[in-house]
Structures are given as structure tokens and as C-alpha cells.
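K.L.:
Dropping the structure in here first, questions after.
Taken together, the values in this text are just the output of simple stated rules run on the coordinates, not laboratory data. If you're wondering where the values come from, they're calculated on a predicted model, not measured in any experiment. No Cβ is skipped: glycine too gets one built from the backbone with ideal geometry, and neighbour counts run over all protein chains shown.
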Amino acid sequence: MSDKFNNKDRRRVVTVLQDEIGSKFTRVGSRQRYLKDELDNRYVVLGGIEGWHEIPDHVVEDIKSYAQNSYLVIAIKKKSTLKIFRGSMEPFLKALNQLHRNVKGHYQFNIDEHAEYLKVREAPSVTLNFLKEVRYS
């Protein structure tokens with residue numbers, strides 16, 4: 001197992017999402033973390049081993065047009081599993097003024113993990129529900 005969340009981990013998360021939703025995903029633009037399904041619903045798929053994350057500003061700007069049909073997915077890489085959480089992007093978009101922006105303009109935030117949900121520390125109204133835990137083979 002790699003220590004960092006990598007593209008193989010992201011593909012695994014996307015496969016789980018596709019199975020849960022019953023739809024194939026394709027990239028929006030060149031970013032592997034910004035996807036859409038066959039119904040044009042949008043997904044920002046993040047992952048890591050720690051609680052810090054960022055979303056590029058151009059992804060946030062684009063997803064505003066799809067707010068009601070967009071989802072934030074965060075996978076937390078553990079020693080032998082990936083814990084996947086999902087929530088609507090609407091509360092995230094409403095809380096943008098509570099998030100820090102780095103020199104590139106990307107939105108940065110930290111998460112607090114609980115058994116059945118995640119919260120964005122800087123914007124506690126942003127909650128993602130536990131979706132699934134998958135084991136490494």
C-alpha cells in the first residue's frame with residue numbers, strides 16, 4: 001500500500017461511486033478529480049490520508065451552474081481500507097466565504113472525521129455522509 005492517496009485509489013473510489021449510482025463517469029476537463037455522470041450530475045472526488053483538502057477555483061466556478069446536481073466525495077485512506085463519504089455541493093458553495101484561498105486561488109479546507117459522517121472544520125454546515133468502506137486486496 002502506498003502511503004499517499006494516489007490515482008489508483010481515486011479510480012477505486014470512482015468505481016465504487018459508479019456501482020452505487022449505476023452510471024458511468026467521465027472527466028470534466030483535464031482534472032481527474034472533477035467528473036460527471038451520464039445525467040450530467042457533477043462530482044468532485046478528493047482523497048487523502050490526512051484532513052487537509054483543496055478544490056481548484058475554476059472547478060468551483062464551473063460547478064456553481066450545477067449546484068443542485070453536484071456532489072463532494074472525500075475518501076480517507078486508512079491502513080487497509082478506503083472510507084468514502086459523499087454530500088451535496090450546495091452547502092459547500094454557500095460556505096465559500098468561510099474557506100481559505102491559497103495564492104493560486106484554490107479553496108482549502110480541513111475535515112473532521114466521525115464514524116458516520118465528515119464535517120468541514122471551517123464550515124460546519126458542510127457535512128458528508130458515510131457511503132462505503134472498501135478493503136484493499
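K.L.:
Name the GluC sites (Glu not before Pro) in region 37-82 that are in a loop by DSSP and that have at most 16 other C-beta atoms within 10 Å, would you?
P.N.:
Answer in residue order: GLU38, GLU50.
K.L.:
What does the charge add up to near GLN98, with Lys and Arg as +1, Asp and Glu as -1, over the other residues with Cβ less than 14 Å from its Cβ?
P.N.:
Once positives and negatives cancel, what remains is +3.
K.L.:
DSSP loop (so not H, G, I, E, B), at most 15 other Cβ within 10 Å: list which trypsin sites (Lys or Arg not before Pro) in region 1-33 pass both filters.
P.N.:
Loop-located and lightly packed - LYS4, LYS24, ARG31.
K.L.:
Here's a follow-up. With springs connecting C-alpha atoms under 10 Å apart, model the chain as a Gaussian network and identify which of TYR71, TYR117, TYR43 has the largest mean-square fluctuation.
P.N.:
Result: TYR117 has the largest fluctuation of those listed.
K.L.:
Sticking with this one: So what is the relative contact order of the chain, in percent, for Cα pairs below 8 Å that sit 6 or more residues apart?
P.N.:
Once divided by the residue count of the chain, the mean separation gives 20 percent.
K.L.:
I would also like to ask the following. Taking H placed 1.01 Å from N in the peptide plane, check which residues at least 5 places from HIS106 or on another chain put their amide H under 5 Å from its amide H.
P.N.:
ASP57
K.L.:
Mind listing which trypsin sites (Lys or Arg not before Pro) in region 43-112 are in a DSSP loop and have 16 or fewer other Cβ atoms within 10 Å?
P.N.:
Counting only loop positions with at most 16 other Cβ atoms within 10 Å, the trypsin sites (Lys or Arg not before Pro) in region 43-112 are LYS78, LYS79, LYS104.
K.L.:
Per residue, how big is the convex hull of region 7-135 when only Cα atoms are used? Give it in Å³. Mind showing how you got there, number by number?
P.N.:
Values: hull volume 13.2 nm³, N = 129.
Cα-based convex hull of region 7-135, divided per residue, equals 102 Å³.
K.L.:
Please give the length that would be gained between ALA67 and LYS94 if that part of the chain were fully extended, namely 0.36 nm times their separation in residues minus their C-alpha to C-alpha distance (nm, one decimal).
P.N.:
Details: separation 27, 0.36 × 27 = 9.72 nm, distance 0.98 nm.
This chain segment gains 8.7 nm when fully extended.
K.L.:
Okay, next question. Could you name the aspartates and glutamates whose alpha carbon sits less than 20 Å from that of LYS8, not counting residues in the same chain fewer than 8 places away?
P.N.:
Straight-distance partners of LYS8: ASP19, GLU20, ASP37, GLU50, GLU54, GLU133.
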